[in-house]
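Report on one structure; see the data block that follows.
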There are 2 protein chains.
Amino acid sequence: MKKEKKDNKKTSMNRRQFAKAALGGLGAAAASPLALTEAIAKAEADEKKVQDFRKNCVTTVENPILVDESRYQRFSTANIAFNAYSRDIGESHWAPYGRNLIKNLKQGKGGKDIKVGTFDDARAVNGLEAAMQSGNRLTGNHGEGHENRGPLAWDNHITSADLGSFPKSELPPEEFTKQVKIAARLGGANLVGVCKLDHKWVYESTQRNVYSPDTPETQKIVFRDVDRPQETKDELIIPSKVKYAVVMAVEMPRTLIQSSPGPAAGIGDALGYSRMGWAAIALAEYIRCMGYTAIPCKNDTALSVPLAIEAGIGEPGRMGVIITPEYGPCVRLCKVLTDMPLVPDKPIKFGVEQFCNYCKKCARECPSKCITEGEQTWEPRNECNNGGVKKWYNDYKKCLGFWDENGMSCTNCVAVCPFTKGDMWAHHFTEWSIDNIHASHPIWLTLDDAFGYGQRREDLDVFKRDFAPYGMDPDKMPR
Amino acid sequence: MKKEKKDNKKTSMNRRQFAKAALGGLGAAAASPLALTEAIAKAEADEKKVQDFRKNCVTTVENPILVDESRYQRFSTANIAFNAYSRDIGESHWAPYGRNLIKNLKQGKGGKDIKVGTFDDARAVNGLEAAMQSGNRLTGNHGEGHENRGPLAWDNHITSADLGSFPKSELPPEEFTKQVKIAARLGGANLVGVCKLDHKWVYESTQRNVYSPDTPETQKIVFRDVDRPQETKDELIIPSKVKYAVVMAVEMPRTLIQSSPGPAAGIGDALGYSRMGWAAIALAEYIRCMGYTAIPCKNDTALSVPLAIEAGIGEPGRMGVIITPEYGPCVRLCKVLTDMPLVPDKPIKFGVEQFCNYCKKCARECPSKCITEGEQTWEPRNECNNGGVKKWYNDYKKCLGFWDENGMSCTNCVAVCPFTKGDMWAHHFTEWSIDNIHASHPIWLTLDDAFGYGQRREDLDVFKRDFAPYGMDPDKMPR
C-alpha cells in the first residue's frame, strides 16, 4: 500500500474531472470518451442504490465452481494455515505474533513499520481491537476447533426447549426460507443465502488442539443416518438428513479495514468475527424452535467460501475470498447447517472473474507476495490449499508469516480491492474498459490509485469519526 | 390499542392533508392555521435529519432529577417487580407466563386475544423471539442477579490480559471520553453518554435467586477503598475510585415493538437485550485494556434510567422509562461503571415532561392500567417503586400481571408513545399546540390516532419485510 496521507480527500479528485483528465492519458486506447463518461455517470447513480445493484446488475449461473471429482478430497482443519504454519515454526503462530505486537506497542507502533503515535495511542487502537474480539471469544474463537462446544453446540437449546419440543413444523420450503432469512438478518447478517450442502465442502476432520505445533488431535466429521447430531471421541456425526446450508455475510467496516496492515484494520476484522458468532447462534436457535436440527458454524465444520458461492452471496476472487456485490470482499462468513427444507438460491456472477483476471491490485499490494499474479489453475501451492478446484491458489503460510513479522494481522488485499470501495463505479468502468481497451489493466489500476483508493487510513482516525452501530454503512442497508 | 388493520398505510393520510382537515375540527381553539402548517413542515424536514435534532432542538439542564435526600434510600433488586410479583403469586412469574404462552400457541395465538394464524405461524413468531433472546442468555439473562457472573464478571479479561497488564494509561479525560464513546458505538450502542456515578442509583443489594417466590438471597453492593472489584459471600465490592458510568442505549426496532402486546414485539425487546449485553462487555473490555476497572452491567448493579438521564441520553417520561430524541422510549439501556477519568455529558430536555403532562396515550393504551394518569409525585405506589424522587409512579406488578395473563410481554406504552414514531413531528406540533391550544391534549391524541400511529402491526408482518441488520433503522444512524 502507498504511504499514507493525512487527508485522503485532498488527494482524490471528482470522478468526472478525473475521467476527463484520464481520457487524454488513455490516448489511442480510449475508443469512446462519451461512453466512459456515461459509464461513470451510471456508476455514480448506482452508488445511491446499492440495494438495487444486486437486482439489476447480477446474473445467475448454474455451476459456479469447477471441480475435478477424480482428484478432489475433503479438507481438514489440521491443514488450515493457522495450524500448519504453527507446526512449521514449532510454536503457535500467535506466539511470535504476540511478542512482536508487544514490542511494537512499546514503541507506539501497531505493526512493524506502522507508527500509530505514543504508546498510549497504540495501546488504545490495539485495545479497541481486543475489545471488539470479545464477542468472538465468547462464541468460540473463530470457530475452528470449537465445533459442538459452548454456544456452538450442535444439539443445543439456549432458549428454545419448549418450542423445540413440539413435532417439527411442516411448512412449505418457500415459507421456511423466508423465515430463516429474516432470522439471519435480525441476528445481524448483512447478506444471507441458501445452498444445498455439498458434502465435499464439509471438513473431513477438525483439529482440536488449535494452533498447536504438536501432532494434530483430530476428530473426523462424518454423515450418518442418525436423528440428532452426536459426538464420540473420534467422530463428530452430522445426521444425513442435514441437506442445506444457510450462509451469512457480515460486513467488516470498510473504513477500518483500510488501515491494514495497521491495528485499526483489526478492529474491523474483530467486529466481523464477533457479529458472525451471534448471527449463527441466533439463526440456529430459530431453526431448533421449529423442530429441526441446526448446526451453527463460524469458520469451523465446513469451508465457508464455496458454500457462500453456491448460496449466491458473491463470486470468488483472486485473493481467495468471496467478493460480494454490496461489500466486495469486506465481509466475514458464517453458516448454519440444517435439515429444515429450504429453497436454494442461485449462484451469481457480476464480472468478478473477468475483473480479477486484469486487476491484480490485491497481489501487487500484498506485503508477503502470497497472492498469485497468474491464471486460475487446479494445482495447490502447498498443504494449506485443497487441489482439484479451478481457482487462484495463494500461499497462506506466507501470508501468516507476514502477520507474525508484522505483529499484526493484514487485510491489505481486502482493503485495496476496487470492489471494497463500497460503490459500483469500478464495475461499470470495467464493463466499459473490457469493451474498449482490452488488456489495459495497468490503466485501471492507475485510475483506481489516482482516485485515492487503496491508501492506508491512519489508525488514529478511528477516534475521530462518528460511527453507526458496529461501524456499519447505513447506505448499504435495506430500507 | 386499536384493533389492528390489514394495512396501516391505507388508513393514514398525508400529514399536510390531515393538518388541513384537522384545522376545521379544532375550531375556535386553533389560533393560527398557518403556524400549524409551518410546524408540520418543520417537522417533516426534521424527519430527514434525525441526527441534527439532538444538536438543534435539545437544551441542557443542570439538575434533571429532583430527590428528597431525607427520604431517598437505595433500592434492591429484591424489589424489582419480577422478583416481588413472583413472591406475591408464590411461583416464578415466568411460570404462569409460560403456561399461557403454550396454551395460546396451541391455538395459533401469541397473546390472550391475539390471533397470529396457524399453530405454525404462532410458533414461528415465538421462535424468532426465542432466537433473538439467545444473545441475552449468553451474556447473563437481563443482568439482574447475574452481577459479576460469566461474561458480566467485574474483574475479567476476555481478550485484554496483555494490554491490561501495563500500568494504566494517563490520557486527558477528553481523550478517554472520545475513546469510550467510539468503543461503545462499535460495540453496537446507538446512543452513548457519560455521567458521574451517584451512589444513590446503585442497587443497595441484589437478589441472587432471581424470580424466586422464596425469601430473597441477597448480597449487598458496597463501595470500599480497594484496588479491584471483589466479592464475598455477603457483598459485592465496588472500588470507591469507580466514579463514572458510561450509559448506552440500543435501539429496539420500532416496527417490531408496534406489534405489542403480540409476540413480534418480543422480538424487538429480545434484540435490545441481546445487543446490550455485548455492548457492555465490549466497552468494559476496552477500558480494561487501558488499565482501568470496568464493571459491565445490563439491568443489574445500578438503576439504568436515572443514570441515562444524568448522562444526557434522554428525558424521563410518564411510563417510567427514558425518552430519547432519536428513538423515543424504544431503546434498552446498559452501562459500564469505571474509574477511568471521563468528562460527563449534560442532561437534556426537549419538552418530554411538558408533552407527557398532556398526552397520556401510554396510560390510555396500557392494558393493565398500571400507568398513572396523574401528576408527578414523591409517593411510591408499592414496594416496587423507590420513593423520594419526583416522577410518575406506576404499578409494575400490575404490568407483569398482564404479561402473565397474556402469556406474552407487553410494550404497548412504548409502541404508542408519539416519540417512538421515529420522527419529530410530534415535538413541533406540541410546541405549536402548547402555544395555541392549552389543555387541548385530547385533540393531539385524536390527531396522533388519526395519523394511524399506535395501531398494532400484525405479527406475521415480520416475515414480509426487508430488515436492516438487527432490524435497525438506517435513517437514524450517523453517517
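The values are calculated or read from the model by the stated rules, or taken from the named source; none is laboratory data. Keep in mind that this is a model prediction, so the values were computed, not measured. Heads up, the Cβs are rebuilt from the backbone with ideal geometry, glycines too, and the neighbour counts pull from every protein chain shown.
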Residue that is nearest to the other protein chains (Cβ to nearest Cβ), among those in region B:275-302 that are among the charged types (D, E, K, R) and out of contact with any Leu (no Cβ under 9 Å at 6 or more places or on another chain): B:Glu285
Hey, B:Ala189 in a loop (DSSP other than H, G, I, E, B), buried (at least 19 other Cβ atoms within 10 Å of the Cβ) and among the aliphatic types (A, V, I, L, M) or not: yes
Selection count where residues are within 9 Å of chain B (Cβ to nearest Cβ) and closer than 21 Å to B:Tyr470 by Cβ, scope region A:164-180: 2
Cross-chain or 6+ apart pairs with Cβ under 6 Å, region B:151-163 first and within 7 Å of chain A (Cβ to nearest Cβ), then surrounded by fewer than 22 Cβ atoms within 10 Å (Cβ to Cβ) and in a helix (DSSP H, G or I): B:Ile158/A:Arg137; B:Thr159/A:Arg137
Helices (runs of 4 or more DSSP H) lying entirely in region A:318-411 (those with 1 or more residues that are of a type in the set (A, V, I, L, M), out of contact with any His (no Cβ under 8 Å at 6 or more places or on another chain) and farther than 24 Å from A:His199 by Cα): A:352-359, A:361-365
Residues of region A:107-152 satisfying the condition of being charged (D, E, K, R) and more than 20 Å from B:Gln179 (Cβ to Cβ): A:Lys112, A:Asp113, A:Arg137, A:Glu144, A:Glu147, A:Arg149
Any hit, region B:208-215, residues being crowded, with 24+ Cβ neighbours inside 10 Å and away from every other protein chain (no Cβ under 14 Å): no
Counted residues, region A:358-385 - those being under 30 Å from A:Ser70 (Cβ atoms) and in contact with a Leu (Cβ under 8 Å, 6 or more places away or on another chain): 0
Residues (within 15 Å of the chain's Cα centre (by Cα), within 14 Å of chain B (Cβ to nearest Cβ) and not acidic (Asp, Glu)) located in region A:220-267: A:Met248, A:Ala249, A:Val250, A:Met252, A:Pro253, A:Arg254, A:Leu256, A:Ile257, A:Ala265, A:Gly266, A:Ile267
Selected residue (criterion: farthest from the chain's Cα centre (by Cα)) from residues of region B:193-206 that are buried (at least 24 other Cβ atoms within 10 Å of the Cβ) and either of a type outside the set (A, V, I, L, M, F, W, C) or farther than 22 Å from B:Asp68 by Cβ (or both): B:Thr206
Subset of region B:221-269 that is modelled with pLDDT of 95 or more, in contact with an Asp or Glu (Cβ under 8 Å, 6 or more places away or on another chain) and basic (Lys, Arg) - its residue that is surrounded by the most Cβ atoms within 10 Å (Cβ to Cβ): B:Lys243
Test for A:Val331: is it within 18 Å of A:Leu191 (Cβ to Cβ) and surrounded by fewer than 24 Cβ atoms within 10 Å (Cβ to Cβ): no
Entirely in region A:209-311, the strands (runs of 3 or more DSSP E) that have 3 or more residues that are without any contact (Cβ under 8 Å) to a residue 24 or more places away in the chain: A:218-224
Residues of region A:457-474 classified as facing another protein chain (nearest Cβ under 7 Å) and touching a residue at least 24 places away in the same chain (Cβ under 8 Å), total: 6
Evaluation of A:Val414 against (1) touching a Phe, Trp or Tyr at 6+ places or on another chain (Cβ under 9 Å); (2) of a type in the set (Val, Ile, Thr); (3) buried (at least 22 other Cβ atoms within 10 Å of the Cβ) (one fails), failing number: (1)
Which numbered condition B:Glu285 fails, given (1) at pLDDT 95 or above; (2) within 18 Å of the chain's Cα centre (by Cα): (2)
Region B:373-425 - residue that is closer than 30 Å to B:Leu105 by Cα and of a type in the set (Phe, Trp, Tyr) and, of those, nearest to the chain's Cα centre (by Cα): B:Tyr396
B:Ala184 vs. criteria under 30 Å from B:Asp52 (Cα atoms) and either more than 14 Å from chain A (Cβ to nearest Cβ) or assigned to a helix (DSSP H, G or I) (or both): yes
